[in-house]
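Novice: Starting off with a structure, shown below.
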Amino acid sequence: MSVKKKPLVVVTRKLPDSIETRMRELFDARLNLDDTPMTPEQIADAVRTADVLVPTVTDMVREEMLNDPDCKLRMIANFGNGVDNIDVAAAHARGITVTNTPKVLTEDTADMTMALILAVPRRLIEGASILTDGKNWAGWSPTWMLGHRIGGKRLGIIGMGRIGQAVARRARAFGLQIHYHNRRPVAPVIADELGATYWESLDQMLARMDIISVNCPHTPATYHLLSARRLKLIRKDAYIVNTARGGVIDEDTLIKLLEAGDIGGAGLDVYEHEPAVNPKLVRLAKAGKVTLLPHMGSATIEGRVEMGEKVIINIRTFLDNHKPPDRVLPSML
């Protein structure tokens, strides 16, 4: 009796042990146990040999790879919600199914966004470094390390999807006034629940906010959405927080405005050219003008396991000749 061959699934990065174990049980899984990022050449080779590729948000799957005449790939099961690392249109044209892992990291990312909204005005990282970097702390003083309270301030959320709404719920509990810009207004029942004010004009909203939170997806339409022109609309005492994608902000202009004191501060978890971080941002962080995190907004054990479970469900559903629950089509982007 012949044994049916398991499909070859290539996983580009180290995943939680429980997920990798289940993948080994179900598939012929080629794992990346030492978590060394795959080179473009290695990803291209996987496209030519694997039935299913499981990339992460930092693994670029480009058109030229998918158009290789030796491409064997049938499915790309992205370990992540955003799919800007994948040429979805090229995959679709070649008949390759693309899936992602939505609705898993909403609360984790909103938690980290709220943490930065608190950390930047209250100078938390700057204050903590006084005790950990060998600096001399003379003790409490009534005029030392003064920040700004956030209660009563106006928060402008760019992108009022699941994460934006989760941020709004947290922010409202801290007494912030909720404003937002989106492609279209949210349902009235949601707006009423959040006490949210809709701005059709992003320009007008930016000029009036105390804190701005970027929570929109990275698409061609949102690349440098916060352009040099728009960044200059922001008030000198306002703060920007970005836990979405670095490319949404013109990072060079943001740095210039921060250096000149034309923006109050920023909290960044993502960067335009990551994993490279502009040295000027690092210098600004050391000067207490910016709070920088290493893209850890969704980094919880629970979240990563749930992502892996979604990847497995999508692959199994596809291999059983059914429509995967989290299929991504070019028309959705």
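Novice: By its C-alpha gyration tensor, with a ≥ b ≥ c as the square roots of the eigenvalues, how is the range 156-221 shaped: rounded for a/c under 1.5, else prolate for a/b larger than b/c, else oblate?
Specialist: Working: a/c = 1.42, a/b = 1.24, b/c = 1.15.
Note, shape of the range 156-221 comes out rounded.
Novice: What full-extension length gain, to one decimal in nm, is calculated for A187 and A207 as 0.36 nm per residue of separation minus the Cα-Cα distance?
Specialist: Details: separation 20, 0.36 × 20 = 7.20 nm, distance 2.48 nm.
Roughly 4.7 nm would be gained on extension.
Novice: Right, another one. Taking the mean number of other Cβ atoms within 10 Å as a proxy for protection, how do you rank 36-45, 105-114 from highest to lowest? Display every interim value, and only then the final one.
Specialist: Values: 36-45: 14.5, 105-114: 21.6.
Those peptides, ordered most packed to least, come out 105-114, 36-45.
Novice: I've got another one for you. Quick one: if you stick a label point 7 Å off each Cα along the C-beta vector at E64 and H273, how many nm between them?
Specialist: According to this spin-label approximation, the distance is 2.0 nm.
Novice: Please compare each pair in K232/K280; K103/K289; K236/K286; K4/K72 to a cut-off of 25 Å on the Cα-Cα distance and tell me which ones are over it. Mind dumping the intermediate values first?
Specialist: Values: K232/K280 19 Å; K103/K289 33 Å; K236/K286 20 Å; K4/K72 18 Å.
Correct reply: K103/K289.
Novice: Find the relative contact order for the range 53-149 and round it to a whole percent, using C-alpha pairs within less than 8 Å whose residues are 6+ positions apart. The partial results should precede the final answer.
Specialist: Details: 90 pairs, mean separation 21.4, N = 97.
In percent, rounded to a whole number, it is 22.
Novice: On to the next question. Take every Cα pair under 8 Å in the range 174-333 that's 6+ residues apart, average their separations, divide by the length, and report that relative contact order as a whole percent.
Specialist: Details: 200 pairs, mean separation 23.6, N = 160.
Dividing the mean separation by the residue count of the range 174-333 yields 15 percent.
Novice: If I histogram all Cα-Cα distances within the chain using bins 20 Å wide from 0, what percent of pairs lands in each bin?
Specialist: P(r) over the chain, rounded to whole percents: 29, 52, 18, 1, 0.
Novice: Normalising by the residue count of the chain, find the relative contact order in percent from Cα pairs under 8 Å and 6+ residues apart. Mind showing how you got there, number by number?
Specialist: Numbers: 597 pairs, mean separation 55.6, N = 333.
Relative contact order, the chain: 17 percent.
Novice: Taking the Cα centroid of the range 1-42 and of the range 253-294, what is the distance between the two, rounded to the nearest whole Å?
Specialist: Centre-to-centre (Cα) distance: 37 Å.
Novice: Where in the chain are the helices, taken as whole DSSP H runs, whose Cα atoms extend 18 angstrom or more along the long axis and whose Kyte-Doolittle mean reaches at least 0.0?
Specialist: Working: long enough: 106-122 (24 Å, 0.40); 301-319 (27 Å, 0.34).
For the chain, where a helix must reach 18 Å along its axis and average at least 0.0, the hits are 106-122, 301-319.
Novice: Going by amide H atoms built from the backbone, whose H comes under 5 Å of the H on T197, apart from near neighbours?
Specialist: Amide H neighbours of T197, under 5 Å, 5+ apart: I178, H179, Y180.
Novice: Here's another thing I want to ask about it. Rank by packing, highest mean first: peptides 269-281, 165-177, 136-148, with packing defined as the count of other Cβ atoms within 10 Å averaged across residues. Walk me through the intermediate numbers first.
Specialist: Numbers: 269-281: 16.2, 165-177: 18.8, 136-148: 8.9.
Taking the mean over residues of other Cβ atoms within 10 Å, the ranking is 165-177, 269-281, 136-148.
All of the numbers you see were taken from the coordinates with simple rules; none came from a lab. Worth saying up front: this structure is predicted, and the values here are computed from it rather than measured. Neighbour counts are summed over all protein chains in view; Cβ atoms, including those assigned to glycine, are modelled from backbone coordinates with ideal geometry.
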